[in-house]
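**Student:** Below: one structure in structure tokens.
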């Protein structure tokens with residue numbers, strides 16, 4: 001099956017700093033999504049981005065499908081950004097997702 | 001709509017007991033998914049339904065696991081003869097076909113087998 005790797009595995013930032021999270025995948029995908037799992041375990045859908053660039057407030061994402069990677073940018077980080085960020089891909093006709101290994105982000109004051 | 005609801009939020013059970021979890025998807029979503037997440041890992045796909053039909057099951061779903069969605073609305077996931085290795089967060093999600101941007105997860109049921 002498809003392999004989805006994320007880097008870095010852990011990241012500690014001071015509030016206000018910017019960061020880039022990376023997701024590499026081993027095969028062509030139909031769909032790529034970024035999720036944020038907050039400290040209470042809730043998975044929040046951030047972006048649906050099989051290709052191109054999208055922005056939502058302080059967050060933006062870019063997927064280069066031909067090179068099999070996606071990037072999530074977080075600008076002016078806040079403590080509420082803490083948690084685990086997952087990318088997830090879908091390769092078939094169904095919508096089941098294969099999740100990456102995750103990046104654990106901690107934003108400190 | 002209040003999103004995807006899961007019940008209970010937490011379940012502690014003794015090894016060998018049966019447990020059942022419930023998921024209520026977003027009402028207009030006809031696809032419903034179950035995932036399992038163990039500590040420090042990403043969610044892993046277990047099974048999914050389109051309406052009442054169970055269309056795919058992962059090899060992770062052993063014969064002790066069964067999922068149903070009898071009327072195409074809520075779904076239940078039952079684990080029989082629980083084992084300590086079943087301890088995990090069980091997540092439910094729903095979506096509409098052709099609208100993956102609307103993939104929405106519930107808050108999960110955390111199962112602890114003692």
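Each reported figure results from applying straightforward, stated rules to the coordinates on display, with no laboratory input. In this text the structure is predicted, and so the values were computed from the model without any measurement. Note that each Cβ is placed from the backbone with ideal geometry, even for glycine, and that neighbours are counted across all protein chains shown.
**Student:** Per residue of B:94-101, how many C-beta atoms from partner chains lie within 10 Å of its own C-beta, taken as a mean? Please list the in-between numbers first.
**Tutor:** On the way: counts 0, 3, 1, 3, 1, 2, 11, 6.
Whole-number average of other-chain Cβ neighbours for B:94-101 is 3.
**Student:** Here's a follow-up. Under 10 Å, Cα contacts only: if you run a Gaussian network model on chain B, which one of B:42, B:72, B:16 comes out with the highest mean-square fluctuation?
**Tutor:** B:42
**Student:** Further question on the same structure: Which of B:22, B:59, B:36 moves most in a GNM of chain B, Cα contacts under 10 Å?
**Tutor:** Comparing B:22, B:59, B:36 in a Gaussian network model of chain B, the most mobile one is B:59.
**Student:** Which residues does a label at residue A:2 reach in region A:54-68, if reach means a backbone N under 14 Å from a point 7 Å past the Cα toward the Cβ?
**Tutor:** A:63-68
**Student:** Mind giving me the FRET efficiency for residue A:109 and residue A:54? R0 is 41 Å, r the Cβ-Cβ distance, nearest 0.05 is fine. Spell out each step's value before the answer.
**Tutor:** Working: r = 29 Å, r/R0 = 0.71.
E(calc), rounded to 0.05, equals 0.90.
**Student:** Can you compute the FRET efficiency between residue B:81 and residue A:40 using 1/(1 + (r/R0)^6), with r the Cβ-Cβ distance and R0 = 25 Å? Round to the nearest 0.05.
**Tutor:** On the way: r = 30 Å, r/R0 = 1.20.
My answer for the efficiency is 0.25.
**Student:** Another question, then. Using a Gaussian network model of chain A with C-alpha springs under 10 Å, which one of A:65, A:88, A:17 is most mobile by mean-square fluctuation?
**Tutor:** Fluctuation is largest for A:17.
**Student:** Mind giving me the FRET efficiency for residue A:64 and residue B:73? R0 is 35 Å, r the Cβ-Cβ distance, nearest 0.05 is fine.
**Tutor:** On the way: r = 40 Å, r/R0 = 1.13.
Efficiency, rounded to the nearest 0.05: 0.30.
**Student:** When the chain is fully extended, how far beyond the present Cα-Cα distance does residue B:66 get from residue B:38, taking 0.36 nm per residue of separation?
**Tutor:** Details: separation 28, 0.36 × 28 = 10.08 nm, distance 1.90 nm.
Full extension from residue B:66 to residue B:38 adds 8.2 nm.
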